[in-house]
Amino acid sequence: MLSGAERICKAAGTGLANIVRAQYFMDDVRQFPGVELAWMSRQGKQPHPFVCVQVPGALPAPGAALTADFWIYAP
């Protein structure tokens, strides 16, 4: 997921450092630490501007663990 966001950022002439909001919709929020570790492996100690929401049922894509929505500042 972050690799995809990174490609979108690059195409817009910016990087993951310019994500100003990340929303994660998960069917099991206990899996969120993996998302945070992935962020930290790319961004180090840069704050992760996120909100994580546990959805009441399965996600639309069969077997999906999360859906993400990013707001990216591209000056």
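Computed from the coordinates by the stated procedures, all read-outs in this text should not be read as laboratory data. No experiment lies behind these values; they were computed from the predicted model shown.
Key figures for this structure:
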read-out: The chain: calculated mean residue ellipticity at 222 nm from DSSP helix runs of at least 4, using -39500 (n - 2.57); value: -9000 deg cm²/dmol
read-out: Within the chain, percent of DSSP bridges classed antiparallel, to nearest 5; value: 60
read-out: Average Cα contact separation per residue, the chain, under 8 Å, 6 or more apart, as relative contact order %; value: 48
